[in-house]
Amino acid sequence: MRQSALLSVRIAFTDSSLEQQTLRSLMRVYLLIGLAAIGVLFACSWFLSGLVTKPVEKAWQEQQRFLSDASHELKTPLAVMGNYATMLQHPGITEEEKNEYAKAISEAARKLAQLITNILKLNKLENQQIFPQ
């Protein structure tokens, strides 16, 4: 510190090393606190993101199971229809057998149409629940 007077100049020296050391230690403490806070926030976000994605994962698995079940249910009537249609083309069948095969094809087609109608109704209901109008 320097102070000028009329006939003199006064100069004072002070030791600020203690203040600088205190500031450095505060800086280290604040950095450690900041890093710890970032670590805690990262752990919380990791945990919460896991909680949030569980219902989505469950819904995805249910959708995959539904698609697998639906494809199996749709393949069965189609296979029946294909088999009976092949049998209809056989040259040595009687008129009575033709009627029986035609009825079986008609029944399988009705079941297939009912399954498709149910799937469409289910899709419509799900869309109404997800996107209310």
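If one takes the longest principal axis of the Cα atoms in the chain, at what angle in degrees, from 0 to 90 and to the nearest 10, does the Cα axis of helix 17-88 lie?
That helix lies at roughly 0 degrees to the long axis.
Once the piece of chain linking Ile11 and Leu78 is laid out straight, how much longer is it, given 0.36 nm per residue of separation minus the C-alpha distance between them? Walk me through the numbers before you get to the answer.
On the way: separation 67, 0.36 × 67 = 24.12 nm, distance 10.45 nm.
Residue separation times 0.36 nm, minus the Cα-Cα distance, leaves 13.7 nm.
Once mean projected area of the Cα convex hull in nm² is worked out from the coordinates, which option in (i) 19.9; (ii) 8.0; (iii) 11.4 does it equal?
(i)
Mind telling me which of Ile11, Ile33, Ile93 comes out most flexible in a GNM of the chain, alpha-carbon contacts under 10 Å?
In this elastic network of the chain, the residue with the biggest mean-square fluctuation among Ile11, Ile33, Ile93 is Ile11.
Running a GNM on the chain with Cα contacts under 10 Å, which residue among Leu23, Leu112, Leu78 ends up with the highest mean-square fluctuation?
The residue that fluctuates most here is Leu23.
So which lysines can Lys124 reach, going by Cα to Cα under 26 Å and dropping same-chain residues fewer than 8 places off?
Lys54, Lys58, Lys75, Lys111
What number results when the radius of gyration of the stretch 20-76, computed over Cα atoms, is divided by 2.2 N^0.38 Å? It would help to have the intermediate numbers written out before the result.
Working: Rg = 24.6 Å, N = 57, 2.2 N^0.38 = 10.2 Å.
Dividing the Cα Rg of the stretch 20-76 by 2.2 N^0.38 Å gives 2.40.
What residue among Thr76, Ser25, Pro55 has its Cα farthest toward the positive end of the dipole of the chain, where the charges are +1 on Lys, Arg and -1 on Asp, Glu, each on the Cβ?
Positive-end residue among those listed: Ser25.
Ranked from the most accessible area to the least, with a 1.4 Å probe and all protein chains present, what is the order of Met1, Met27, Met87?
Values: Met1 165, Met27 120, Met87 75 Å².
Greatest to least solvent exposure: Met1, Met27, Met87.
Treating the stretch 1-50 as a set of equal point scatterers at the Cα positions, no solvent, please give the Debye-formula log₁₀ I(q)/I(0) at q = 0.31 Å⁻¹.
-1.02
Could you report the chain's accessible area per residue, 1.4 Å probe, as an integer in Å²? If you can, show how the numbers build up before the last one.
Details: 12050 Å² over 133 residues.
Each residue of the chain exposes 91 Å² on average to a 1.4 Å probe.
Quickly work out the Ala113-to-Gln64 label distance, labels modelled 7 Å from Cα along the C-beta direction, and quote it in nm with one decimal.
So the label points at Gln64 and Ala113 sit 3.5 nm apart.
Between Ala36 and Val52, what length comes free when the chain is fully extended (0.36 nm per residue of separation minus the Cα-Cα distance, one decimal in nm)? Provide the component values of the computation, followed by the final result.
Working: separation 16, 0.36 × 16 = 5.76 nm, distance 2.42 nm.
Taking 0.36 nm per residue and subtracting the Cα distance, the gain is 3.3 nm.
Solvent-accessible area of Phe66, probe 1.4 Å, all protein chains present, reported in Å² to the nearest ten, please.
It works out to around 80 Å².
The values are calculated or read from the model by the stated rules, or taken from the named source; none is laboratory data. Keep in mind the model is a prediction, meaning the values are calculated, not measured. Note that each Cβ is placed from the backbone with ideal geometry, even for glycine, and that neighbours are counted across all protein chains shown. When the accessible area is computed, the model is the full protein with side chains, heavy atoms only, and any ligands, DNA or RNA have been set aside. Shrake-Rupley method; radii C 1.70, N 1.55, O 1.52, S 1.80 Å.
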